[in-house]
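In what follows, a structure is listed as structure tokens, so that the remarks can point back to it.
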Amino acid sequence: MTRGSAAEVAFDTDTPAVVLKLDPNVFHHGGLGVIRSLGRAGIDVYGVHEDLLAPAAWSRYLRGRWYWTPDVADSDRIVAGLLQLAERIGRPAVVIPTDDAGAILLNEHATALRPHFRFPESPAGLPRRLAGKYSLYELCVQENAPHVVTALPASVAEAEQFAWSVGFPLVAKLARPWQARRRHTPRSTTIVHTRQELGDLYRQAPPGGLMLQEYIPGGPGQDWYFHGYCNASSVCEPAFTGVKERSYPPHCGLTSFGRAVPNPQLHRQVTDLLTRIGYRGIMDLDLRFDPRDGQYKLLDFNPRIGAQFRVFQNSAGIDVARAAHLDLTGRPIPTGHVAPGRRLLVENYDTLAALGYLRRGELTVGSWLTTLRRVDETAWFARDDLAPFGLMCLRMAWRMVERPFGRREPTRVTPRFRPGRKPRRSERSPVPDGGGGIPVSTTITNMSTERSEEEPAS
């Protein structure tokens with residue numbers, strides 16, 4: 001990426017953006033990536049955060065913070081809270097969800113929200129169908145897309161029958177992972193090795209909520225992801241492919257270290273599927289190459305921005321968050337080549353992932369340290385935005401201390417607005433380049449129509 005390439009991009013800096021996060025996970029780095037990417041482009045960004053010490057809430061690129069931990073099952077109250085936020089902002093804003101619950105909510109309550117927020121108009125019910133693990137499998141069968149053998153057992157006996165047919169290990173997933181979880185609900189994805197583990201997992205999962213899949217052994221170069229943005233015509237531009245080098249937990253979790261790798265075959269396969277189903281907006285897909293038949297099997301389809309999206313950008317400095325803002329404000333999306341090999345490291349999770357790979361004999365300390373020297377961008381650390389990294393380190397340390405006492409249920413609080421660290425436009429100096437950011441020239445005007453920012457939401 002050239003330093004001045006994005007200065008020519010015509011961002012609509014009069015239209016703010018809202019980073020919508022309903023999942024109470026303070027270590028979600030994708031939202032911070034959106035805040036920094038759009039904030040460096042001169043766009044006012046507002047974030048939804050769990051509490052006062054959420055690391056992303058202290059980014060210098062945030063114009064405002066909406067502290068809130070809603071119950072994802074109470075859609076009416078979430079809509080009401082978003083309308084309060086819209087009133088606070090005072091003008092229509094582009095909204096970018098960072099979790100499946102947010103994407104589903106926007107799609108299913110579009111009538112109430114669209115006058116105040118700008119977001120893609122996907123076919124009714126499509127985000128829910130794509131985010132659901134078993135409904136995604138059914139869609140793959142319908143569209144003749146490569147997929148793995150899958151079952152939704154109604155009993156432990158049916159689960160054991162499926163395990164007998166495909167063998168151990170197998171993959172267990174929560175069929176609807178966006179729903180609120182109880183204290184002892186299992187992880188969204190687990191590799192199961194024995195009949196005893198399968199029985200215990202099934203009994204912990206919500207009724208009818210555990211899906212089983214055949215396990216495709218992973219290896220170097222087999223785990224892929226696809227990120228892109230589809231416009232109103234379901235044309236995907238930009239579209240990126242990459243390799244998941246390490247994940248946490250190993251081979252079945254989120255990307256902790258990944259790199260951009262062009263893959264024309266995978267690009268054609270996914271963009272063709274997106275067009276057939278009429279998808280619109282940002283997406284994040286996980287796929288695994290199956291050496292038995294040479295196909296890329298679709299494992300997960302996240303109908304929203306992916307946490308690792310910053311591994312990708314084209315030579316015009318466009319990532320999927322910027323593409324969404326440009327398109328939803330009626331601006332053209334600049335095209336450009338994608339330099340292969342760009343790498344993203346998620347500092348906290350990759351440390352944990354590396355320990356798992358070391359125990360498996362799939363990584364050495366030397367090879368791990370070598371990969372750290374070839375990182376282009378980190379999820380948390382940025383020279384121009386240090387506070388989120390410091391808070392992340394403190395909260396990770398605290399989590400290690402409190403882990404023996406079990407996970408606490410999130411506290412439901414009334415939404416409360418607080419100003420962010422980003423100054424009003426009339427007070428700003430030019431945006432610096434830092435941590436992968438690029439300077440963008442913007443007109444210095446005071447467009448604020450907000451009420452007193454210290455006033456709590458009603």
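Below, the figures for the structure above:
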quantity: The listed residue being assigned to a helix (DSSP H, G or I), at pLDDT 95 or above and charged (D, E, K, R), out of 77, 128; calculated: 128
quantity: Matching residues in the range 80-114 - criterion: being part of a loop (DSSP other than H, G, I, E, B) and in contact with a strand residue (DSSP E or B) (Cβ under 9 Å, 6 or more places away or on another chain); calculated: 92, 98, 99
quantity: Subset of the range 120-144 [in contact (Cβ under 8 Å) with a residue 60 or more places away in the chain and closer than 15 Å to residue 278 by Cα]; calculated: 120, 121, 122, 123, 126, 127, 130, 136, 139, 140, 143
quantity: Residue within the range 61-72 that is of a type in the set (Phe, Trp, Tyr) and touching a Phe, Trp or Tyr at 6+ places or on another chain (Cβ under 7 Å) present; calculated: yes
quantity: Residue satisfying condition, being under 19 Å from residue 303 (Cβ atoms), of a type outside the set (A, V, I, L, M) and not in a strand (DSSP E or B), within set 279, 225, 229; calculated: 279
quantity: Matching residues, the range 140-172, being assigned to a helix (DSSP H, G or I) and either crowded, with 19+ Cβ neighbours inside 10 Å or not aliphatic (A, V, I, L, M) (or both); calculated: 140, 142, 143, 158, 159, 160, 161, 162, 163, 164, 165
quantity: Those residues of the range 207-227 which are over 29 Å from residue 243 (Cα atoms) and surrounded by fewer than 15 Cβ atoms within 10 Å (Cβ to Cβ), in sequence order; calculated: 207, 208
quantity: Odd one out for residue 196, checked against (1) surrounded by fewer than 14 Cβ atoms within 10 Å (Cβ to Cβ); (2) within 25 Å of residue 306 (Cα to Cα); (3) among the polar types (S, T, N, Q); calculated: (2)
quantity: Residue count for the range 330-374, restricted to those that are over 22 Å from the mean Cα position of the chain (by Cα), buried (at least 18 other Cβ atoms within 10 Å of the Cβ) and not in a helix (DSSP H, G or I); calculated: 2
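The values are calculated or read from the model by the stated rules, or taken from the named source; none is laboratory data. Predicted, not measured: the structure shown is a model, and the values here were computed from it. Ideal geometry is used to build each Cβ from the backbone, glycine not excepted, and the neighbour counts take in all protein chains shown.
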